[in-house]
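Structure, as structure tokens:
The values are calculated or read from the model by the stated rules, or taken from the named source; none is laboratory data. Quick caveat: nothing in here was measured; it's all calculated off a predicted structure. Cβ placement follows ideal geometry from the backbone for every residue including glycine, while neighbour counts extend to all protein chains displayed.
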Amino acid sequence: MTCHLPPFRRSQPEVRSGGLEPPCLRAEPDNTRGMEAAPIDALALWNDLLARVGEQVPFYRDRLGRRRLIAQEEVAELPFTTKEDFRSAYPFGLLAVPRDQVVRVHMSSGTTGKPVVTAYTRRDLELWSECMERVLGFAGVTTADVLQNAYGYGLFTGGLGFHIGAERLGCLVVPTSSGVTQRQVMLMRDLEVSVLCCTPSYALVLAEAAGEGHRGLQLRVGLFGAEPWSEAMRREIEAGLGLEAYDVYGLTELGGPGVAVECHRHDGLHIFEDHFYAEVVDPESGRPLPPGAEGELVLTSLRREASPVIRYRTRDLTVLTDEPCPCGSPFRRMRKVTGRADDMLIIRGENLFPSQVEALLLEIPELTANYQLVVDRSAHRLDTLEVRVEARRRDGLQDLAQEAARRFRDAIGLGVEVTVLEPGALPRSEGKARRVIDRRELG
Ligand SMILES: [Zn+2]
């Protein structure tokens, strides 16, 4: 079995609107680089993976035995792995190599239960840095760039993941980690930083701190990930920092960022299929869905040694397309993730994603992307939703609140209480923002 990679097709990129330097004036990234070799033999990678986990990981041995695949379709018969499986295996229950071969661990915090641990051999770190170098290459980063890495360094995969990729690529790395926002802005200016890496929430904080001063910055590219963000948020960040924003996708269970990234077309994220096997399944039945159908993304890490994972239920909703991309990349694309099944709120029977709220708020120019949703249950056991959002101005807040509430009613049919606050009233996030406060669980 080989992956059916779409043929290469090279064409001139379109000029994007928005006042930024059009990508066609810069060197176009070569997204076919390193892919001229033989097509990916996914079946061989699958069988190697199944042999490794069958031998080393009791969890998988119990479920899979010594299974081998003879056709790609059989992947759909393999059991899923879930976040709960990771938590029950804490810390090293899913390890597929002897402990003395592990050279690093990362983990995700998670507000409830045990953290999710992912481990790396020396080879895993090499492969990860290759993927992260490729991520930066898709965004057009070169050795001439100065890259400020404001993802948190530490147990979180973002900081060190971007760090090793950028060092491998050979640009100048400024490892600020997150926080100390004024210093971040000062360094961006003084060191003529051209590439910024951080969460989209923190990018907004940096834009706010830079204010009009962002025009003195040299930023041209930003790589943002680790939380879902909307197209409205993209416009906000691009305008606020004067850069072109790229979405990067990854998750701790799969080893961190470096699973997928946008190309300069910004029309979906290319999945690195030589490392990760992607499926979209019906979230209810678990059955695979055809290209073009929306469902839950399921990922398998084909090459990771220490912490391989088979058919991980990401809880992220997306659509896969095998339409060729004009950028030339042979990798299939997934639609930008703007809703994580875990984040979906069910309010009075209506499904609502925080990103939908974000997009609606940003339709009103006087409102910002600094918002918080407070879900509660009234004395009559009825769910209530309060949207708290900051304005760009200090007057006329009541009118703005009425306007926003009207838009919510029209767009999603929900009666929502909107509270518009003065600039600076809500807490700022240096990493992943806490957008939802659900008080129903407490009551
Ligand atoms: Zn592309």
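Below, the figures for the structure above:
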| item | result |
| --- | --- |
| Filter result for residue 264 (touching a residue at least 40 places away in the same chain (Cβ under 8 Å), within 16 Å of the ligand (Cβ to nearest atom), under 29 Å from residue 151 (Cα atoms) and assigned to a loop (DSSP other than H, G, I, E, B)) | yes |
| Number of the condition not met by residue 236 [criteria: (1) touching a residue at least 60 places away in the same chain (Cβ under 8 Å); (2) more than 16 Å from the ligand (Cβ to nearest atom); (3) within 14 Å of the chain's Cα centre (by Cα); (4) surrounded by fewer than 24 Cβ atoms within 10 Å (Cβ to Cβ)] | (3) |
| Tally, over the range 240-261, of residues that are among the hydrophobic types (A, V, I, L, M, F, W, C), within 15 Å of the ligand (Cβ to nearest atom) and in contact with a Lys or Arg (Cβ under 6 Å, 6 or more places away or on another chain) | 0 |
| Qualifying residue in the range 226-233 (condition: modelled with pLDDT of 95 or more and under 13 Å from the mean Cα position of the chain (by Cα)) | no |
| Failed condition for residue 226, given (1) within 16 Å of the ligand (Cβ to nearest atom); (2) crowded, with 24+ Cβ neighbours inside 10 Å; (3) of a type in the set (A, V, I, L, M); (4) under 21 Å from residue 193 (Cβ atoms) | (1) |
| Residue list for the range 294-317, filter: among the hydrophobic types (A, V, I, L, M, F, W, C) and under 20 Å from the mean Cα position of the chain (by Cα) | 297, 298, 299, 302, 309, 310, 317 |
| Per-region count, the range 326-376, residues under 20 Å from the mean Cα position of the chain (by Cα) and either small (Gly, Ala, Ser) or within 16 Å of the ligand (Cβ to nearest atom) (or both) | 12 |
| Selection count where residues are assigned to a helix (DSSP H, G or I) and either crowded, with 18+ Cβ neighbours inside 10 Å or in contact with a Gly (Cβ under 8 Å, 6 or more places away or on another chain) (or both), scope the range 92-124 | 1 |
| Residue ranges of strands (runs of 3 or more DSSP E) in the range 358-431 with at least 1 members aliphatic (A, V, I, L, M) and over 20 Å from residue 345 (Cβ atoms) | 383-391, 417-421 |
| Long-range neighbours under 7 Å by Cβ, at least six apart or interchain, first residue assigned by TED's automatic domain parsing to the domain that holds residue 306 and touching a residue at least 24 places away in the same chain (Cβ under 8 Å) within the range 52-69, second of a type in the set (Phe, Trp, Tyr) and buried (at least 17 other Cβ atoms within 10 Å of the Cβ) | none |
| Residue 314 vs. criteria hydroxyl-bearing (Ser, Thr, Tyr), closer than 30 Å to residue 63 by Cα, free of Cβ contacts under 8 Å to residues at least 60 places away in the same chain and in the same structural domain as residue 138 (by TED's automatic domain parsing) | no |
| Answer from 207, 232, 203, 278 - the residue that is in contact with a Ser or Thr (Cβ under 9 Å, 6 or more places away or on another chain) and more than 30 Å from residue 77 (Cβ to Cβ) | 232 |
| Top-ranked residue in the range 307-323 [being at pLDDT 95 or above and surrounded by fewer than 20 Cβ atoms within 10 Å (Cβ to Cβ); ranked as nearest to residue 31 (Cα to Cα)] | 323 |
| Count of residues meeting criterion [aliphatic (A, V, I, L, M) and either part of a loop (DSSP other than H, G, I, E, B) or not assigned by TED's automatic domain parsing to the domain that holds residue 231 (or both)] in the range 267-311 | 6 |
